[in-house]
Amino acid sequence: MKNNSDDYESPDFYAFSADSILLAKTGIADILTTKISGNVLDLGAGCGVVGIEFLNFSPKKQSWNLSCCEMQTDFRPYLLGNLRKYEISAKTYFIPFQELTLSENFDVILFNPPYFDEKNGRPAKDLQRHLCRFFKNNFFSDLELFIAQYLAPDGAFYFLYREDQINPIDYFADNKYQIKTLLKVDASLRLVCVLKLQIK
C-alpha cells in the first residue's frame with residue numbers, strides 16, 4: 001500500500017510535508033541494495049509517517065520490527081491512530097531520545113529532525129510548532145551519542161536535512177563514520193538532502 005499526506009491523521013500545529021515520504025522511500029531503496037533487515041527506529045516520529053511509509057514501501061514488510069520515538073506527547077493519539085489504521089504493530093516511546101534506555105540495537109534509524117537551529121531562527125509563537133521546527137545547541141552531540149549507542153554495527157542511519165540550514169557532516173567525526181549523501185531534491189526553493197551514515 002502506498003500512501004500520501006492526506007492519508008494520515010496529524011495535529012493542527014504540525015505542518016506535514018512530503019519530505020517524510022521522501023526519506024522513507026530513499027531509505028528503503030538504499031536498503032534493498034544491502035542485506036540489512038531487523039529492527040527499525042523512526043526517531044522523532046511525529047504522527048508516524050516515516051516509519052509507516054518505510055514498512056509499506058518495503059517488499060519484505062514482515063522482516064522489520066518497528067519502534068517509534070517521539071518527545072511530544074501531543075502526537076500520541078495521532079501516531080497510535082495511524083499505526084492502527086495501517087495495521088502496523090510497533091513499540092512506541094513518548095520521551096526525548098536523549099532519555100531512552102533500551103536493550104536493543106537498530107539496524108535502521110530514520111530521522112526527519114527539526115530543520116532550524118534555535119539560536120538563528122525566529123521562535124514560533126506556538127510551543128508545539130516551535131519544537132517541531134527548531135533544534136537546540138547540544139542536539140547533534142546528543143544525536144551522535146545516541147547513534148553510537150543504538151545503531152547496530154552494520155546498520156544504517158538515514159537523516160533528512162536542508163542544505164541551506166545545516167551541514168550535518170560538520171557535526172559527525174569523519175574518522176568514525178562512513179557518510180554519504182544519497183539524494184538532493186530542490187523542493188519549493190530549498191534543497192532537501194538525505195544523508196546516510198554508518199559506523200566504520
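The values are calculated or read from the model by the stated rules, or taken from the named source; none is laboratory data. Predicted model only: the values in this text are computed from it and were never measured. Neighbour counts are summed over all protein chains in view; Cβ atoms, including those assigned to glycine, are modelled from backbone coordinates with ideal geometry.
What is the residue count in the range 1-24 for residues that are assigned to a helix (DSSP H, G or I) and either modelled with pLDDT of 90 or more or in contact with a Pro (Cβ under 9 Å, 6 or more places away or on another chain) (or both)?
Selection size over the range 1-24: 0.
Could you run through the range 58-81 and say how many residues are over 23 Å from Gln98 (Cα atoms) and modelled with pLDDT of 90 or more?
Total meeting the criteria: 3.
Search the range 93-103 for residues being loosely packed, with under 15 Cβ neighbours inside 10 Å and touching a helix residue (DSSP H, G or I) at 6+ places or on another chain (Cβ under 8 Å), and hand back the single one that is farthest from Leu41 (Cα to Cα).
Gln98
Go through the range 140-163 and report how many residues are small (Gly, Ala, Ser) and within 11 Å of Asn105 (Cα to Cα).
3
Would you be able to tell me the number of residues in the range 132-144 that are at pLDDT 65 or above and exposed (fewer than 12 other Cβ atoms within 10 Å of the Cβ)?
Going through the range 132-144 one residue at a time, the tally reaches 2.
Restricting attention to the range 28-68, and to residues there that are assigned to a helix (DSSP H, G or I) and of a type in the set (Phe, Trp, Tyr), which single residue is farthest from Asn82 (Cα to Cα)?
Just the residues of the range 28-68 that are assigned to a helix (DSSP H, G or I), to begin with: 28-31, 49-57, 61-63.
The next check asks that each one be of a type in the set (Phe, Trp, Tyr); those that pass are 54, 57.
Details: Phe54: 14, Phe57: 16 Å.
Top of the filtered list is Phe57.
Only residues that are farther than 20 Å from Ile199 by Cα, among the aromatic types (Phe, Trp, Tyr), at pLDDT below 95 and part of a strand (DSSP E or B): list them for the range 85-131, please.
Matches in the range 85-131: Phe116 only.
Scan (1) at pLDDT below 90; (2) assigned to a strand (DSSP E or B) for the single condition Ala156 breaks and write down its number.
(1)
Test Gln149 against the stated conditions and say whether it is modelled with pLDDT of 70 or more and assigned to a helix (DSSP H, G or I).
On the way: modelled with pLDDT of 70 or more: yes; assigned to a helix (DSSP H, G or I): yes.
Considered against the rule, which asks whether it is modelled with pLDDT of 70 or more and assigned to a helix (DSSP H, G or I), Gln149 comes out as yes.
Looking at Phe57, is it surrounded by 19 or more Cβ atoms within 10 Å (Cβ to Cβ) and either among the aliphatic types (A, V, I, L, M) or within 24 Å of Leu182 (Cα to Cα) (or both)?
On the way: surrounded by 19 or more Cβ atoms within 10 Å (Cβ to Cβ): yes; either among the aliphatic types (A, V, I, L, M) or within 24 Å of Leu182 (Cα to Cα) (or both): yes.
When the stated conditions are applied, Phe57 passes them.
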